[in-house]
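Inspection log for the structure reproduced underneath, given as structure tokens.
The values are calculated or read from the model by the stated rules, or taken from the named source; none is laboratory data. This is a predicted model, so every value here is computed, not measured. Cβ sites come from the backbone with ideal geometry, for glycine too, and all protein chains shown count toward neighbours.
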Amino acid sequence: MPLCFIEPQDAIRVIAESVGREARRQLLGEVVRAWVDEIPERDLDSHYAKAVADLDEHDLSMLAAWHASLEVGQPIANRDFLVNVFPSLGENRREALKIAAGFRGEEAFDSGVPEEQAMETVLPHLSRERCTELANECLELYLWDRLGSDN
């Protein structure tokens, strides 16, 4: 269902303001994943380093466990190790960044950072096409939220 009267970025913001907490959390996760998909290859390393720098020990352990599943050596829940091994992840680099950025986003969400602030940071970096896809996903989340989720 295309929204012709509103820009996709604005539709995403409006939907985010109209849903419950759990739907907002999911929506924010989708926005972060979309942002990672749009990052140029040459910039992945620096964004990963920034995301890992802000993680707590628990999140570093979880990220290291994910690295272990890729069998890239014996992972250590250490920022330096995770950043240094990142280039060797090949096609899994975006997924690693999505996980690290997702942990960072969850921490921000849990600590009360307004979703609007996160949206203002990420949405301007998305292409119109990606925003349109994301707006459609947001409509599905909106319906899920309004039609009876335990929110």
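Among the residues of region 119-128, is any under 19 Å from the mean Cα position of the chain (by Cα), assigned to a helix (DSSP H, G or I), farther than 18 Å from Val32 by Cβ and modelled with pLDDT of 85 or more? Break it down stepwise before answering.
At the first step, the residues of region 119-128 found to be under 19 Å from the mean Cα position of the chain (by Cα) are 119-128.
Filter once more, keeping what is assigned to a helix (DSSP H, G or I): 119-125, 128.
In the following step, the residues that additionally are farther than 18 Å from Val32 by Cβ were identified as 128.
With modelled with pLDDT of 85 or more added as a condition, the list becomes 128.
Yes, there is a match, as at least one residue in region 119-128 is under 19 Å from the mean Cα position of the chain (by Cα), assigned to a helix (DSSP H, G or I), farther than 18 Å from Val32 by Cβ and modelled with pLDDT of 85 or more.
Give Glu71, Glu41, Glu57 a once-over and let me know the one that is surrounded by fewer than 17 Cβ atoms within 10 Å (Cβ to Cβ) and at positive phi.
Values: Glu41 fails: at positive phi; Glu57 fails: at positive phi.
Unique residue meeting the criteria: Glu71.
Scanning region 51-77 for residues that are among the β-branched types (Val, Ile, Thr) and not in a helix (DSSP H, G or I), which turns out farthest from Ala101 (Cα to Cα)? Walk me through how you get there before you give the answer.
Initially, region 51-77 is screened for residues among the β-branched types (Val, Ile, Thr), giving 52, 72, 76.
Then drop every residue that is not not in a helix (DSSP H, G or I), which leaves 72, 76.
Working: Val72: 20, Ile76: 19 Å.
Selected residue: Val72.
If you go through region 1-50, how many residues are in contact (Cβ under 8 Å) with a residue 40 or more places away in the chain, small (Gly, Ala, Ser) and not in a loop (DSSP other than H, G, I, E, B)?
Matching residues across region 1-50 total 6.
If only one of Ala96, Ala16, Ala49, Ala34 is out of contact with any Ser or Thr (no Cβ under 7 Å at 6 or more places or on another chain), surrounded by 14 or more Cβ atoms within 10 Å (Cβ to Cβ), closer than 30 Å to Arg146 by Cα and modelled with pLDDT of 90 or more, which one is it?
Details: Ala96 fails: closer than 30 Å to Arg146 by Cα; Ala16 fails: modelled with pLDDT of 90 or more; Ala49 fails: closer than 30 Å to Arg146 by Cα.
Of Ala96, Ala16, Ala49, Ala34, the one residue that is out of contact with any Ser or Thr (no Cβ under 7 Å at 6 or more places or on another chain), surrounded by 14 or more Cβ atoms within 10 Å (Cβ to Cβ), closer than 30 Å to Arg146 by Cα and modelled with pLDDT of 90 or more is Ala34.
The rows are residues; the columns are (1) among the hydroxyl-bearing types (Ser, Thr, Tyr); (2) under 22 Å from Val122 (Cα atoms); (3) without any contact (Cβ under 8 Å) to a residue 24 or more places away in the chain; (4) in contact with a strand residue (DSSP E or B) (Cβ under 7 Å, 6 or more places away or on another chain).
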| position | (1), (2), (3), (4) |
| --- | --- |
| Val52 | no, yes, no, no |
| His67 | no, no, no, no |
| Glu71 | no, no, yes, no |
| Pro87 | no, no, no, no |
